[in-house]
Every structure is written in structure tokens, then in C-alpha cells.
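First comes the structure, then the notes that go with it.
All of the numbers you see were taken from the coordinates with simple rules; none came from a lab. Since the model is a prediction, treat every value here as computed from it, not as a measurement. Neighbour counts are summed over all protein chains in view; Cβ atoms, including those assigned to glycine, are modelled from backbone coordinates with ideal geometry.
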């Protein structure tokens, strides 16, 4: 099991780590409905998972804590124990799904067969270059960090952010599934010129 904290991934190297935490469950996430800018609340399960997430995150020290201002991410950060220091960053908001807001993938593909958000974006919502532009601003901020950073955000956005961090084609983001309240870690391999993925979609803290 890959773990972070004392002696964890990358700690001996002295390189900073970027811990990405997806928000807890909402009614729409459970149903598979695309939730972009709708400011939906956490379910009771989502709030409980945020508590467990916080218990895990406390094993690591962070120089900075950032969150999407949408309440499902912000409240997850607060319940996890970071409400007194979290910075709200609009660039961390979920993809703007425009006319696809609230629809499942199957419903969207009835209208637009073969649609993939990381390739096609959303006409009337957020196009791929727009989403990439704000993700790249966040990546630049994170690359400049010399301490561990904790980020609370959303499913599609975290996948986009990880792909941009590693310099991968966006098609890879579509293959990087991510559950609610899961933890992923970005970091470096041999040096700061080798941004790497250290951990992905780990939710073992939610078991039991």
C-alpha cells in the first residue's frame, strides 16, 4: 500500500508533494450526473467521508491549502479540518458543462454520440482551451511551491490537472477514473524537471 506521511512517497527526496482530494459524495455524484457549477451540497455519506479524509490528511504537513469555492469542495475542506486556512481559488472549479449540466454520460451521448469532455469540451459551456488555460495557471502555482500543497477540487478538473502536470495528452485524463473523497498525489521523480504521478484514486481511508 502506498502511503504518505513520515517516510512516505517522495518524502526522503525532499521534493514537495501536491495532494489532490476530490470532494465527498453528493446526490448527483452518486447518480452519475455531471455537476459543473451547480453549487450542490454533500450528502450525509459525503460529510462522513470528509471526516475520514481529514483523518488521513492529518498524517502530512501542508504549507498551503487550496480549494474550489464551490461548496462541495469547500465544505469537504472544512470538515476535513482545514477551514481556518483554506484559500478559495476560482480556477479550481469543476468544468462548466453548460447545457449538459445535470445529465449523465448516457444522456449526453444521446444528444452527442461519442462525446468526451477532454476532447470535445462543451459548446455553450467551457471549451477545452479555456479549461486548459485555468488548469495551467494552477500548475504554474503548484510548480513554484517548495512545500507540500493540499488541493480540494472536482473529478474532471483533477484529472485535467494531473494530465497537465505530467505533460500528457488530454486523452489520458479520460482514462484516469477518480472516486469521491479519494486522494491522489503529484510530485517529482529525480528532480523538479520531472513532474510525476505518485498516487492515484486511493480511497482506502473510506473502508470500514
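For residue 144 and residue 127, compute 0.36 nm times the residue count separating them, minus their Cα-Cα distance, and round to one decimal in nm. List each step's numbers first, then the result.
Details: separation 17, 0.36 × 17 = 6.12 nm, distance 2.66 nm.
Fully extending the segment from residue 144 to residue 127 adds 3.5 nm.
Output needed: percent of Cα pairs per 5 Å distance bin for the chain, bins running from 0 to the one holding the longest distance.
Bin by bin from 0 Å, the calculated values are 1, 8, 16, 21, 21, 17, 10, 5, 2, 0, 0.
If you count the DSSP beta bridges with both ends in the chain, what percent of them are antiparallel, to the nearest 5? Please report the intermediate quantities before stating the final value.
Details: 10 of 21 bridges.
Of all bridge pairs located within the chain, approximately 50 percent are antiparallel.
Say each of residue 84 and residue 39 gets a label point 7 Å from the Cα, pointing the same way as Cα to Cβ; how far apart are those two points in nm?
Between residue 84 and residue 39, the label points sit 2.5 nm apart.
Students often check this: by mean Cβ neighbours within 10 Å, which of 89-101, 145-157 ranks highest, and how do the rest follow?
145-157, 89-101
Limiting things to C-alpha atoms, what are the Rg and the maximum Cα-Cα separation (Dmax) for the stretch 31-70, in angstroms?
Cα only, the stretch 31-70: 13.0, 35 Å (Rg, Dmax).
State the Cα centre-to-centre distance between the stretch 107-143 and the stretch 55-101 in whole Å.
The distance from the Cα centre of the stretch 107-143 to that of the stretch 55-101 comes to 20 Å.
When ranked by the protection proxy of mean other Cβ atoms within 10 Å per residue, highest first, what sequence do the peptides 28-36, 180-188, 40-48 form?
On the way: 28-36: 18.1, 180-188: 23.2, 40-48: 16.6.
Put in order of decreasing packing, that is 180-188, 28-36, 40-48.
As a check on your grasp of the helix formula, calculate [θ] at 222 nm for the chain: sum -39500 (n - 2.57) over DSSP H runs of n ≥ 4, divide by the residue count, round to the nearest 500.
Working: 7 runs with 66 residues, N = 208.
Taken over the chain, the calculation gives -9000 deg cm²/dmol.
Could you tell me the center-to-center distance, by alpha carbons, between the stretch 168-200 and the stretch 37-53 in angstrom?
Using only Cα atoms, the two centres lie 23 Å from each other.
Give me the number: length gained by fully extending residue 194 to residue 27, i.e. 0.36 nm times residue separation minus the C-alpha to C-alpha distance, one decimal in nm.
Values: separation 167, 0.36 × 167 = 60.12 nm, distance 3.83 nm.
Roughly 56.3 nm would be gained on extension.
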